[in-house]
Amino acid sequence: MKAYIPTGDPAEPVVLADVPEPTPGANEALVKVEAFSVNRGETFKLEAPVTGGVPGKDISGLVVQPAADGSGPTGITRVVGHPMAGGWAEYVAVPADALAVLPDGVSAIQGAALPLAGLTALRLLRAAGPVLGRRVLLTGASGGVGHYVTELAAAAGAEVTAVTRNAERGARLAGLGAAEIVHDVADARGPYDIVLESTGGASLPIALARLARRGVLIWFGQASRTPATLDFFDFFSGPESAVIRHFHYLDAGTPLGDDLATLVRLTADGRLHPEIGRVADWADTATALTDLRDRRIRGKAVLTLP
């Protein structure tokens, strides 16, 4: 089959190559990929790629071989899936519990835009606890996770302040329910009950200073790629007894497939709106990756297969 493999060359991060078709394990289904999306974090990993590996975590397509152990979707079924790798290819083996059925009302392009960003947002808000009537500060809100967090949190009754340097993106987030848009975390007016921090570096201590006493800051990313430095005594200037929690979206108590099904249902009901920044033929994957890395794409880049 055809698949994209990393090159280690920043100018052309992946090339299309012939690779063996995957052999599914007993608990895996073989999916014929119809569309896949790329995430900015995946562009970081391409800087030091695993030799011979096929990237790709967000896919939609058709189950052509159900899992041998009888788990997951049966028959020839439209699905969205979240394998840990291998999705930028014609076929991918996906654990049955990382698949959800796509109804006719949700397109393959919408489905492919859901997994990593949608799962992160859904599980992040669960980790934050009830948000009804609570003030939430969200940093790094321009990306897919920020889009989904804003829409889900606002719908759940939170008062969301979103931090984005992009004015167009800020207007979009306001349309999704953000109560306030600021272009620098230093301009956010606290205190906030919950801070969802994804930037790291200098932004984290600034965001922490806007947290209410006994509030919670959930650290779920480091887009700046710069370590953060905190001073213990800074807590006494406002966020006394605050909690800082590390978050990883895969550390959850529910199967991926169940949460994917929730995202699909919300999308089908018109309550969640995947943001598609670019739709292109999969021949344009390398270009999409470099554009995403260089922030020339706002929203999800989805590549479609013939």
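The values are calculated or read from the model by the stated rules, or taken from the named source; none is laboratory data. Since the model is a prediction, treat every value here as computed from it, not as a measurement. Note: ideal-geometry Cβ built from the backbone for every residue, glycine included; neighbour counts use all protein chains shown. These accessible areas exclude ligands, DNA and RNA; they are computed on the full protein's heavy atoms, side chains included. Shrake-Rupley method; radii C 1.70, N 1.55, O 1.52, S 1.80 Å.
I need the Kirkwood Rh of region 127-181: take the reciprocal of the average 1/r across all distinct C-alpha pairs and report it in angstrom.
Taking the inverse mean of 1/r over all distinct Cα pairs, region 127-181 comes out at 10.7 Å.
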*Please identify every one of the trypsin sites (Lys or Arg not before Pro) in region 209-247 that sits in a loop by DSSP and has no more than 15 other beta carbons within 10 Å of its own beta carbon.*
ARG225
*What do you get when you divide the Cα radius of gyration of the chain by 2.2 N^0.38 Å, with N the number of residues?*
1.01
*So what is the diffusion coefficient of region 225-306 in µm² per second by Stokes-Einstein at 37 °C and 0.692 mPa s, using a Kirkwood Rh over Cα pairs?*
191 µm²/s
*May I ask for the distance between the Cα centers of region 128-190 and region 209-234, given as a whole number of Å?*
17 Å
*Could you work out the per residue convex hull volume over the alpha carbons of region 33-135, in cubic angstrom?*
143 Å³
_Area accessible to solvent at VAL15, 1.4 Å probe radius, in Å²_ = 50 Å²
*Residues ALA48 and ALA261, FRET efficiency given R0 of 25 Å [Cβ-Cβ distance, rounded to 0.05]*: 0.15
_Sparse-neighbour loop sites [chymotrypsin sites (Phe, Trp or Tyr not before Pro); region 1-106; at most 15 other C-beta within 10 Å; DSSP]_ = none
*At a 1.4 Å probe radius, carbon and sulfur cover how many percent of the accessible area of region 1-48?*
54 percent
*Highest GNM mean-square fluctuation, the chain, Cα pairs closer than 10 Å: which of ALA108, ALA268, ALA48?*
ALA48
*At q = 0.20, 0.29, 0.30 Å⁻¹, work out log10 I(q)/I(0) for region 211-263 with the Debye formula, treating every Cα as an identical point scatterer and leaving solvent out; two decimals please.*
-0.85, -1.13, -1.15
*How many angstrom lie between the C-alpha centres of region 280-306 and region 238-259?*
29 Å
*Quick one: ranking SER241, SER60, SER142 by accessible area, 1.4 Å probe, largest first, what do you get?*
SER241, SER142, SER60
_Mean Kyte-Doolittle hydropathy of 0.5 or higher plus an axial Cα length of 15 Å or more: which whole DSSP H helices in the chain meet both?_
115-128, 144-155, 256-268
*Compute the accessible area per residue over the chain, keeping the other protein chains in place, probe 1.4 Å, unit Å².*
43 Å²
*Considering the alpha-carbon set of region 129-249 alone, what are its Rg and its Dmax in angstrom?*
13.1, 38
*Top to bottom by accessible area (1.4 Å), largest first, where do HIS246, HIS147 land?*
HIS246, HIS147
*Considering only protein heavy atoms, what is the solvent-accessible area of LEU132 at a probe of 1.4 Å, reported in Å² to the nearest 10?*
140 Å²
_Among ALA112, THR74, VAL94 the positive-end extreme of the charge dipole of region 20-128 (Cβ point charges)_ = ALA112
*When the chain is modelled as a GNM with alpha-carbon springs shorter than 10 Å, which of VAL54, VAL94, VAL243 fluctuates the most?*
VAL243
*May I ask you to list the GluC sites (Glu not before Pro) in region 161-249 that are in a DSSP loop and have at most 16 other Cβ atoms within 10 Å of their Cβ?*
GLU240
